[in-house]
Structures are given as C-alpha cells and as structure tokens.
Amino acid sequence: MAEVNVSLGERSYTIYIGNALLSNYVENLPHKLNQQLLIITNPTISQYYLKPLLNTLSGHQIEIFEMRDGEQFKSLDSYAEAMDILINAGFNRDCGIIALGGGVVGDLAGFVASTFQRGVDSYQIPTTLLSQVDSSVGGKTAVNHPQGKNLIGTFYQPKSVVIDIDCLQTLTERDYRSGLAEIVKYGVIYDADFFQWLERHTAELNQQDPATLTYAIQRSCEIKAEVVALDEREKGLRALLNLGHTFGHAIEAATEYGAWTHGEAVAAGIIIASKLSEVTQRLNSSDFRRIKDLLLALGLPTKGPQMPWQDWLDYMQRDKKVKDGQLHFVLPVAIGQAEVVSTIEHDTVAAVITECC
Ligand code: GLY
C-alpha cells in the first residue's frame, strides 16, 4: 500500500493507495472510526462496493443515503435529503460521513460533512479514476446551482482518503479515460518527468496495468497534495489545477452535462489552452504537439464541439474563475510548467477556439 500525506497542520491527512483496501477498510485506518456513520453512495456503486464496506463496519450505527447517479443530482435537494437522514436518525456532532463513489458523491458528502452541526468528520473512498486523482483530494466540496457548477460549497478536508484500485474494474472504458485526462494535466502543469513517464507508458495505461496505474495515481496525488499544502484556498498556485477547466466547463454546460464526460471536456480544454499558449508565443510548437499526441494516445478527444463564440463567452464568464469581470486562463508555458494569464484579447481566444473545434 502506498501512502501520500497532505500536510495541512492539524488538518493533515493520509491518502492510502492499493489493492483490496475496501474489504479491509477499518483495519487499514490508523484512526478510530466514529460510532455513527452515514455512507453516501449511489446505486451504480453500491451494487458492487457497499456490502464489502458494510462487512468491515459491524458494531457501528450506520445510515445509508443512496442518491441518484448523475451530475444533476449534486443538488441542494440531495443535500437536504442527506440532512433529513442525519437529523431523523438522531446523529450527533461525533458522527462521520463516508463518501463511497465518484466525484458527485464525494463533493456532496464533503459538503454535508462540512455543514452538519457546523462540521463533522469526513472520509473519502473514491471509486472512479477521476475522483481518485482529483476531486477526493484537497477538500473542495460543493453542490451545483441551476445557474452553474459547484457554485455552493466549502473547503473542508477529509480525515482520510482510501483509494482501492480494484474499484476501477467496474468503471466504463469512457470513465476510465476521463480520469486519464486529469492525470495528464498534472504532468503538463507541474512535472515534466511525470509527463515523459506517461508518454512512455501509454500502452500499459490503455491496458489498465495495475502497477502502472498505481504509480500514475500515486504521483498525481503527490502533486495534488503538494499544491494543496502550499495553497489550500486557491489564492495562487492551486489555480493551475484548473488547466483546461474553463473551456471544459463551458463544453459540459453547453452540452448539458450529458454528451461529454468531465475528463473528455477537460482534454479538449487542455488542447484549447495549449493552442492559445502556442499562438501567444508562450508554448513552443513541439511541446504543443507532445501534449496533443499524449491525449490522442490515451484515446481522449483533442477537438471541442462547435458553438458560437458568444455561447463560449457566456459559459466561460459564468465560471468561478472569472475575477473582476476578466477571464483568466491557465496556460502551459512548457511541459511541466503553467501560468495564469488574464491579458489575452477575446479575438485571439475566439480564433483559437475556432481552430480547435
Ligand atoms: N480540482 C481542482 C482543485 O481541487 O483545486
């Protein structure tokens, strides 16, 4: 089992990565679990993983909230349902909330944990590649509002994150590749060696080779832990983790969170950001080519959908990354290095989007 530490003073915690961790959940944790536990999950996940988890939790008072599966259910309604369960069961301030699922479950469960009785213990068991390498780590919690994604939420760190890579066996091929997009992101923004390692291991990643996957997840979590430890509340460095996301969120919103997975939209967003960086003479053409080739080799889209510039602008301006009414773009300036840039003319962005879609 690999361990990655997220160093945040008294809010520090460990990410555990390995095989068969779910069926030994309690045994593997160095801390005692709360007597009262609410498990938040969804039917897609619970059919495989709820029973093995429950088997390790005998003697605890357990409540289960099986929310419906899908981004549209990361809502204030689902949040209220979870609160009703906690209150009706008489849960107190010593209870804990376990998120068993992907990013939707993790974000909602974290938000519930951060607000029930002004904050109770939160535990993440991410079951998708995307949530294992990104959303379960770093303490961002949220629900969506009809006007935009993640508009309501908190920063609230979990007590532990347990990543059982066996859970990936039930993931669809598409969702698996979606997670790979976030892994590529870490190489592009932060670690040229890791990027090169990914280039050399595309065959193993495409075959979901367990050892390769474990290292890719571990290195992604290490990078995320390092960034979060330096800038927990996204005042600077952490913003780099949003590479491809301004364009990606626009794609997801325009296609109503249906036609594109988050990772696919991020992959197309990484290409648009990289092209914008190349066109504005920040990134050289051979690095742009390497980024594109890696995404292609991992079966990810490298072209966005076509839509009018005004729609792009409207969706991007609704994104949380807008500051003082100005669009900010995370642009790679070399493999392993990125910057936030806010001085690009809209005409240039529009031309690049046309070229990339
Ligand atoms: N997913 C980006 C972040 O956690 O900051």
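The values are calculated or read from the model by the stated rules, or taken from the named source; none is laboratory data. In this text, all values refer to a predicted model and were calculated from it rather than measured experimentally. Reconstructed Cβ throughout: ideal geometry from the backbone, glycine too, with neighbour counts over all protein chains shown. To get the accessible areas, we keep the full protein, side chains included, count just its heavy atoms, and leave off ligands, DNA and RNA. Shrake-Rupley method; radii C 1.70, N 1.55, O 1.52, S 1.80 Å.
Listing for the model above:
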| quantity | calculated |
| --- | --- |
| Members of the range 294-319 found to be in contact (Cβ under 8 Å) with a residue 40 or more places away in the chain and farther than 18 Å from Glu182 by Cβ, listed by number | Lys303, Pro305, Gln306, Met307, Trp309, Asp311, Trp312, Tyr315, Met316, Arg318 |
| The range 144-189: number of residues that are among the basic types (Lys, Arg) and in a helix (DSSP H, G or I) | 3 |
| Condition met for Ala253 (of a type outside the set (S, T, N, Q), in contact (Cβ under 8 Å) with a residue 40 or more places away in the chain and either surrounded by fewer than 21 Cβ atoms within 10 Å (Cβ to Cβ) or within 16 Å of Ile335 (Cα to Cα) (or both)) | yes |
| Residues (more than 13 Å from the chain's Cα centre (by Cα) and either within 10 Å of the ligand (Cβ to nearest atom) or among the aliphatic types (A, V, I, L, M) (or both)) located in the range 239-264 | Ala239, Leu240, Ala250, Ile251, Ala253, Ala254, Ala259 |
| Whichever residue in the range 119-159 is aliphatic (A, V, I, L, M) and within 13 Å of the ligand (Cβ to nearest atom) and, among such residues, is farthest from Tyr48 (Cα to Cα) | Ala142 |
| Check on Glu232, closer than 29 Å to Gln147 by Cα, open to solvent by 10 Å² or more (accessible area, probe 1.4 Å), of a type outside the set (Lys, Arg) and not in a helix (DSSP H, G or I) | yes |
| Of the criteria (1) buried (at least 24 other Cβ atoms within 10 Å of the Cβ); (2) within 16 Å of the ligand (Cβ to nearest atom); (3) part of a helix (DSSP H, G or I), which one Ser114 fails | (1) |
| Qualifying residue in the range 214-222 (condition: more than 11 Å from the ligand (Cβ to nearest atom), under 21 Å from His201 (Cβ atoms) and more than 16 Å from the chain's Cα centre (by Cα)) | yes |
| Which numbered condition Ile39 fails, given (1) free of Cβ contacts under 8 Å to residues at least 60 places away in the same chain; (2) open to solvent by less than 20 Å² (accessible area, probe 1.4 Å); (3) not in a loop (DSSP other than H, G, I, E, B) | (1) |
